[in-house]
Amino acid sequence: MAPRKDATPIDISGGLWAIYKVTWQFQGPVGGSIPNDPKAILAMLQARAPVTAPPDATPLETLAVQVAEEVGVGVDGEEEPTETHNTFKRDELGFYVESRAVRAHIKDLALQVSGFFPNIAGFRSKVANKVYVEEAKIHLWVNGGIAQAPTASETRYGSVMGKLGPRSFIKVIEYVNSPVVHFHLKLLRDGVITEDHLKAIFEYGGTHGFGPDRSLGWGRYLLTGLEKERG
């Protein structure tokens, strides 16, 4: 196939990817989204699972055990908390959010701002296929260190309609107040998605918010760093 006459060659001698370090400074609470009750974790996974699971899929019960370990609670009734609430995943360093949550956030934002870039057909899909998060875990930093515990928790009351009629519930959410997160993006160096596009995406995202309870203003952030480290 002959190259397009208007095609501009891209110099990829430095590699296919440009690497950017991204910093978000949250402007208030960031809420946990993982139940600290093994039974609630299993119910959450069941609600999110596809109707038809692939033949090699990990059983949900196995995944529930894994998630329970990542939030530091027992399984099969061991060390089961007396109060069910939403918390964060944690490792030996402290609290973190998963990169897939940040990637899903970026793709959602790309859809919302796509109208500002009518010259790029399928802007969201372009972002999805050309922008990737490097880290698997993105830790929450507070006062110069990784958060080891929530700042506090907030209790909400409400009701839902179930099979047997209305049912009241209590929702307790742990949160970390005004953390900072750092992560790296890999941006394909074909000139389609640029640094200016990333800035627009995160400008919208800062107001849209990241994580649960965005309708209450949680999860809003400022893009305080977008530093090109390579490419």
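The values are calculated or read from the model by the stated rules, or taken from the named source; none is laboratory data. Because the structure is predicted, anything quoted here is derived from the model rather than measured. All Cβ positions, glycine included, derive from the backbone under ideal geometry; neighbour counts span all protein chains shown. Side chains included, ligands, DNA and RNA excluded: accessible areas come from the protein's heavy atoms. Shrake-Rupley method; radii C 1.70, N 1.55, O 1.52, S 1.80 Å.
The table below gives the values:
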| item | result |
| --- | --- |
| Inter-label distance, nm, simple model (7 Å from Cα along the C-beta direction), Arg100/Glu154 | 2.7 nm |
| Solvent-accessible area, 1.4 Å probe, carbon plus sulfur percent, for the range 85-231 | 51 percent |
| Whole-number accessible area per residue in Å² for the range 167-231, which is evaluated in the context of all protein chains at 1.4 Å | 50 Å² |
| FRET efficiency, Lys137 to Asp190 (Cβ-Cβ, R0 25 Å, nearest 0.05) | 0.30 |
| Label point 7 Å beyond Cα of Ala121 along Cβ direction - residues of the range 193-207 with amide nitrogen under 20 Å | 193-194 |
| Neighbourhood net charge (15 Å Cβ-Cβ; Lys/Arg +1, Asp/Glu -1) for Trp141 | +1 |
| Cα gyration tensor shape for the range 165-231, rounded if a/c is under 1.5, else prolate or oblate | prolate |
